[in-house]
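Quick notes on the structure that follows.
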Amino acid sequence: MNMKDIHGHCVCGAVNIMIKEYGNFVYTCHCDTCRRMNSGPVLSVDPGPKENVIFTRGKEKITIYQDEEVERGFCSVCGSTLFWHNPADNHYCMNAELFDEIIKNASFEAELFYDMKPGYYAFAGERKKLDRSFKEIKGKKEE
Ligand SMILES: [Zn+2]
Ligand SMILES: [Zn+2]
């Protein structure tokens with residue numbers, strides 16, 4: 001079931017974001033850039049096109065780091081990771097942890113860039129795992 005008008009905010013509250021409509025799908029990314037920016041694998045939601053995402057407060061407080069073809073946005077006041085945005089595809093992915101309502105109902109369904117995950121941590125449970133070419137990784141469970 002999709003939730004509507006889902007409100008989120010950064011740590012300091014300067015930036016407020018609303019997703020108009022979304023389910024509870026949460027995924028993580030183990031790539032080097034996400035881990036370096038977030039001190040670990042970022043947990044994300046995928047609200048898709050910019051029409052589904054409204055910056056309700058503090059848009060001018062967002063700093064963009066242009067990372068090749070994508071923009072990574074963070075709060076210039078508190079440093080919270082806000083989003084990953086691909087303008088060519090009109091596609092947003094956002095830090096799931098900004099949205100209390102989503103994380104309450106989260107279904108943790110995929111791990112991306114699994115081949116870049118360091119060995120010292122692993123999430124419990126089983127879910128879809130994709131490598132850096134978005135090919136599914138099948139095989140033995142991690143204990
Ligand atoms: Zn902030
Ligand atoms: Zn990543």
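Couple of notes before you dig in:
- Note on ASN105 and LYS138: their simple-model spin labels are 3.3 nm apart, each label 7 Å out from Cα toward Cβ.
- 13 Å beta-carbon shell around TRP84, net charge (K/R +1, D/E -1): -4
- Shown for the chain: the carbon plus sulfur share of the solvent-accessible area, taken with all protein chains present and a 1.4 angstrom probe, equals 51%.
- Per residue of the chain, the DSSP helices (runs of n ≥ 4 H) give a summed -39500 (n - 2.57) that works out to -2000 deg cm²/dmol at 222 nm.
- For the chain, modelled as a GNM whose springs connect Cα atoms under 10 angstrom apart, the maximal fluctuation among TYR120, TYR22, TYR92 occurs at TYR120.
- For the stretch 1-102, the solvent-accessible area works out to 50 Å² per residue, with a probe of 1.4 Å and every protein chain left in place.
- Nearest-0.05 FRET efficiency for ASP115 and CYS78, computed from C-beta distance (R0 30 Å): 0.40
- Sum of side-chain charges, ASP67 neighbourhood, beta-carbon under 14 Å (Lys, Arg +1; Asp, Glu -1): -1
- Estimated FRET transfer efficiency when R0 is 22 angstrom, pair GLU69-ASP5 (beta carbons, to 0.05): 0.15
- The stretch 50-140: GluC sites (Glu not before Pro) in DSSP loop, at most 13 other beta carbons within 10 Å: GLU68, GLU69, GLU126
- Cα-based values for the stretch 48-109, radius of gyration first and Dmax second, are 12.2, 33 Å.
- Cα gyration tensor shape for the stretch 22-81, rounded if a/c is under 1.5, else prolate or oblate: oblate
- Lysine pairs meeting the criterion (Cα under 12 Å, 8 or more apart or interchain), as found in the stretch 49-143: 6
- Residue of ASP46, ASP100, ASP89 that the Gaussian network model of the chain assigns the largest fluctuation, springs spanning Cα pairs under 10 Å: ASP89
- The equivalent ellipsoid of the chain has semi-axes of 25, 17, 14 Å, largest first, where each one is the square root of 5 times an eigenvalue of the Cα gyration tensor.
The values are calculated or read from the model by the stated rules, or taken from the named source; none is laboratory data. None of the values given here were measured: they were computed from a predicted structure. Because the Cβ atoms are built from the backbone with ideal geometry, glycine has one as well, and the counts that use them run over all protein chains shown. Just so you know, the surface numbers come from the protein's heavy atoms only, side chains and all, with ligands and any DNA or RNA stripped out. Shrake-Rupley method; radii C 1.70, N 1.55, O 1.52, S 1.80 Å.
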